[in-house]
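What follows is a set of notes on a single structure, which appears directly below.
The values are calculated or read from the model by the stated rules, or taken from the named source; none is laboratory data. All figures in this text were calculated on a predicted structure; none of them were measured in a lab. Note: ideal-geometry Cβ built from the backbone for every residue, glycine included; neighbour counts use all protein chains shown. The protein model used for the area step is the full one, side chains on, heavy atoms only, and it has no ligands, DNA or RNA in it. Shrake-Rupley method; radii C 1.70, N 1.55, O 1.52, S 1.80 Å.
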Amino acid sequence: MSLDPLALATAFGLIFLAELPDKTMFASLAMGTRMRPLYVWFGTSTAFLVHVAIAVGAGSLIGLLPDWIVRLVSAVLFAFGAFMLLRGGGDEDEEGAAKTVTGFWPVYTTAFMAVFISEWGDLTQITTANLAATNGTLSTAIGAAAALMSVSALALLAGRFIAQRVPLKTVQRIGGVCMAGLAIWSSVEAITAFTA
């Protein structure tokens, strides 16, 4: 197992670009508006590391699952996220601090689970598995993990910036609408994959 700088750079570039518009980036951004960003980053980074290890070690097994099942589970998770954000957005008090999750372990666990669940069968996980098969596992693992953790850090910085300038209720409603849209999109993809 040797470190190939070109394979590492390839993995970093591809995964970074694939993750930028991804749902987990938006989840990190939303969590960064309500929770301590560093704690969120530790949680998301740990989940990304686990997924990179899974993708590199046994990523080809994900391809054995029917695509429609992966999409359907994703749609249900997005719908649940939309429900929670939209439900919470209507009764938020002006200060918002009373509803903020605090403490390292609650924030870490929330961030870890949000990313861990939503990354199953994700484009970045599949891309990581494919790159590992062709470019080597160590270089791919390091490049992919660095890219995912970088995108999470950028999202958290953006979330902090937004939280200082936009009311939390507005951020929650926008996030809820985006999650609902992703749920519909994933449902359509599941139906398309099932009927194909």
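Residue-by-condition table, conditions (1) farther than 20 Å from Leu38 by Cα; (2) of a type in the set (A, V, I, L, M, F, W, C); (3) out of contact with any helix residue (DSSP H, G or I) (no Cβ under 9 Å at 6 or more places or on another chain); (4) outside any helix (DSSP H, G or I):
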| residue | (1), (2), (3), (4) |
| --- | --- |
| Trp120 | yes, yes, no, yes |
| Thr128 | yes, no, no, no |
| Ala132 | yes, yes, no, no |
| Thr140 | yes, no, no, no |
| Gly143 | yes, no, no, no |
Which residue is most open to solvent (accessible area, probe 1.4 Å), if the candidates are limited to region 10-50 and must be outside any helix (DSSP H, G or I) and of a type outside the set (A, V, I, L, M)?
Arg36
Of the residues in region 105-118 that are open to solvent by less than 40 Å² (accessible area, probe 1.4 Å) and either of a type in the set (Val, Ile, Thr) or not in a helix (DSSP H, G or I) (or both), the one that is modelled with the highest pLDDT is Val107
Quick one: is Thr102 of a type outside the set (A, V, I, L, M), outside any helix (DSSP H, G or I) and either open to solvent by 30 Å² or more (accessible area, probe 1.4 Å) or at pLDDT 80 or above (or both)?
yes
When the residues of region 129-158 are filtered to those that are at pLDDT below 85 and crowded, with 22+ Cβ neighbours inside 10 Å, which remaining residue is nearest to Ala55 (Cα to Cα)?
Ala129
